[in-house]
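K.L.:
Got a structure here, written out as structure tokens. Questions coming.
The values are calculated or read from the model by the stated rules, or taken from the named source; none is laboratory data. Everything quoted here is computed from the prediction, not taken from an experiment. These area figures cover heavy atoms from the full protein model, side chains too; ligands, DNA and RNA do not enter into them. Shrake-Rupley method; radii C 1.70, N 1.55, O 1.52, S 1.80 Å.
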Amino acid sequence: MMDSRIESLVPKFQPLAHKWLRIVTVELGLKVRITETRRDEARQADVAASGKSKLRFGFHNIGRALDWAC
């Protein structure tokens, strides 16, 4: 499973994610998109196998991380 919604993050982390998104888009004027938030263990294993992560279990698995791109 792969998700890119801020709402899929743990409730305590969502306000921080919204604030970050507002700062980079409104205040800094960057055009960003959130590419991934929560991952299940199978998705994390795929990311690690591809070399994009060295972790087998990380903050994405517990809904406390997001990836973004411009």
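K.L.:
Hey, among the residues in the range 25-53 that are of a type outside the set (G, A, S) and part of a helix (DSSP H, G or I), which one's farthest from W68 (Cα to Cα)? Quick ask: steps written out before the conclusion?
P.N.:
Here is the first cut: in the range 25-53, the ones of a type outside the set (G, A, S) are 25-28, 30-41, 43-44, 46-47, 52.
In the following step, the residues that additionally are part of a helix (DSSP H, G or I) were identified as 25-27, 41, 43-44, 46-47.
Working: T25: 12, V26: 16, E27: 17, E41: 20, R43: 17, Q44: 16, D46: 18, V47: 15 Å.
Ranking the qualifying residues of the range 25-53, first place goes to E41.
K.L.:
Moving to a separate point now. Evaluate the following for R22: is it of a type in the set (K, R), open to solvent by 80 Å² or more (accessible area, probe 1.4 Å), part of a helix (DSSP H, G or I) and modelled with pLDDT of 95 or more? Give the derivation first.
P.N.:
Values: of a type in the set (K, R): yes; open to solvent by 80 Å² or more (accessible area, probe 1.4 Å): yes; part of a helix (DSSP H, G or I): yes; modelled with pLDDT of 95 or more: yes.
Considered against the rule, which asks whether it is of a type in the set (K, R), open to solvent by 80 Å² or more (accessible area, probe 1.4 Å), part of a helix (DSSP H, G or I) and modelled with pLDDT of 95 or more, R22 comes out as yes.
K.L.:
Identify all residues within the range 25-70 that are open to solvent by less than 70 Å² (accessible area, probe 1.4 Å) and within 9 Å of the chain's Cα centre (by Cα); write none if there are none.
P.N.:
The answer is I34, T35, E36, T37, R38, R39, H60, G63, A65, L66, D67.
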